[in-house]
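Novice: This is the structure I want to talk about, given as structure tokens.
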Amino acid sequence: LRPLPPPRHKHLWINADILKGPPLISSGYPQFAARDFLDKSAELPNTTLSLGWTTGLADVHSPYVASMVDEMMTLVDDLQCEITFPVRATSFNSESWLHLRKLFDRSSRWTLTLWWSQELPKEQLDFIYNTLESDERYKNRTYYDIVGLREFLCERMK
């Protein structure tokens, strides 16, 4: 990152996959040093960092594991800005949630962004909704970029 002129934005989101994610054997490596990226990005005012893990297509259901979440928390614990953690929705399951929930418990400034570019089975959407929107501790702390979610929510409201 190079120095920027004084900000002309009200709020900026910066997204980068800074750590290796699921599946660990084939997800690829980040293209830059996480610490350098964080040090430069944290200097920007009015910024939300969207910090994720690389993902691979060998197994789109591979879970996020404790070591991934713990490494991320170690990297970002000292940052004072808002942070959202992009999570592949197909990997969001009970095993992943066991570890990902630590992010919510650590800081009220931290959120999740669940993403996936294809429709998910209703059972998966039910799990996501029941886990993240039915519990008051986690409600309204997740952004969604999931194909078919709007239709799922409309159907739920009937």
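Novice: Just flag the trypsin sites (Lys or Arg not before Pro) in the range 100-153 sitting in loop per DSSP whose Cβ has no more than 14 other Cβ atoms within 10 Å.
Specialist: Those that pass, being in a loop and sparsely packed, are ARG109, ARG137, LYS139.
Novice: Moving on to the next point. Summing -39500 (n - 2.57) over the DSSP H runs of n ≥ 4 in the chain and dividing by its residue number, what mean residue ellipticity at 222 nm do you reach, to the nearest 500 deg cm²/dmol?
Specialist: Taken over the chain, the calculation gives -10000 deg cm²/dmol.
Novice: While we're here: THR84's amide H: which non-local residues (gap 5+, or another chain) put their own amide H closer than 5 Å, with H modeled 1.01 Å from N in plane and none for Pro or chain starts?
Specialist: Here the answer is LEU49, SER50, LEU51, THR111, since their amide H atoms fall under 5 Å of that of THR84.
Novice: Per-residue accessible area for LEU153 at 1.4 Å probe radius, Å² rounded to 10?
Specialist: Rounded to the nearest 10, that gives 60 Å².
Novice: Rounded to the nearest 10 degrees, what's the angle between the helix 94-106 long axis and the longest principal axis of the chain, both from Cα atoms, 0 to 90?
Specialist: Tilt relative to the chain: about 40 degrees.
Novice: Largest first, how would ASP17, ASP126 line up by accessible area (1.4 Å probe)?
Specialist: Final ranking, largest accessible area leading: ASP17, ASP126.
Novice: Leaving out ligands, DNA and RNA but keeping every protein chain, what accessible area does GLU95 have, in Å² rounded to the nearest 10, with a 1.4 Å probe?
Specialist: Accessible area, nearest 10 Å²: 100 Å².
Novice: Given a 1.4 angstrom probe, I'd like the percentage of the accessible area of the chain that is carbon and sulfur, rounded to a whole number.
Specialist: 53 percent
Novice: In straight Cα distance, which aspartates and glutamates are under 20 Å from LYS20, not counting same-chain residues fewer than 8 positions off?
Specialist: Hits, sequence-local ones excluded: ASP36, ASP39, ASP59, ASP70, GLU71, ASP77, GLU95.
Novice: On a 24 Å Cα-Cα criterion, which of the cross-link pairs LYS122/LYS158; LYS102/LYS158; LYS10/LYS102 come out too long?
Specialist: From the list (LYS122/LYS158; LYS102/LYS158; LYS10/LYS102), the Cα-Cα distance tops 24 Å for LYS102/LYS158; LYS10/LYS102.
Novice: Based on the alpha carbons, how large is the Rg to Rh ratio for the chain when Rh follows Kirkwood?
Specialist: Rg divided by Rh gives 0.97.
Novice: Just the Cα atoms of the range 86-158, one point each, no solvent: what log10 I(q)/I(0) does Debye give at q = 0.16 Å⁻¹?
Specialist: Relative scattering, expressed as log10 I(q)/I(0), comes to -0.53.
Novice: Order CYS154, CYS81 by their accessible area, 1.4 angstrom probe, all chains in place, largest first.
Specialist: Of CYS154, CYS81, the descending order of accessible area is CYS154, CYS81.
Novice: Could you give the angle, 0 to 90 degrees to the nearest 10, between helix 66-76's Cα long axis and the longest principal axis of the Cα atoms of the chain?
Specialist: The angle comes out at about 40 degrees.
Novice: Helix 122-132 versus the longest principal axis of the chain: what angle, 0 to 90°, nearest 10, using Cα atoms?
Specialist: Around 50 degrees separate the two axes.
The values are calculated or read from the model by the stated rules, or taken from the named source; none is laboratory data. This structure is a prediction, so every number in the text was calculated from the model and none was measured. Positions of Cβ are backbone-derived with ideal geometry, glycine not excepted, and every protein chain shown enters the neighbour counts. Side chains are part of the model used for accessible areas, which takes the heavy atoms of the whole protein and leaves out ligands, DNA and RNA. Shrake-Rupley method; radii C 1.70, N 1.55, O 1.52, S 1.80 Å.
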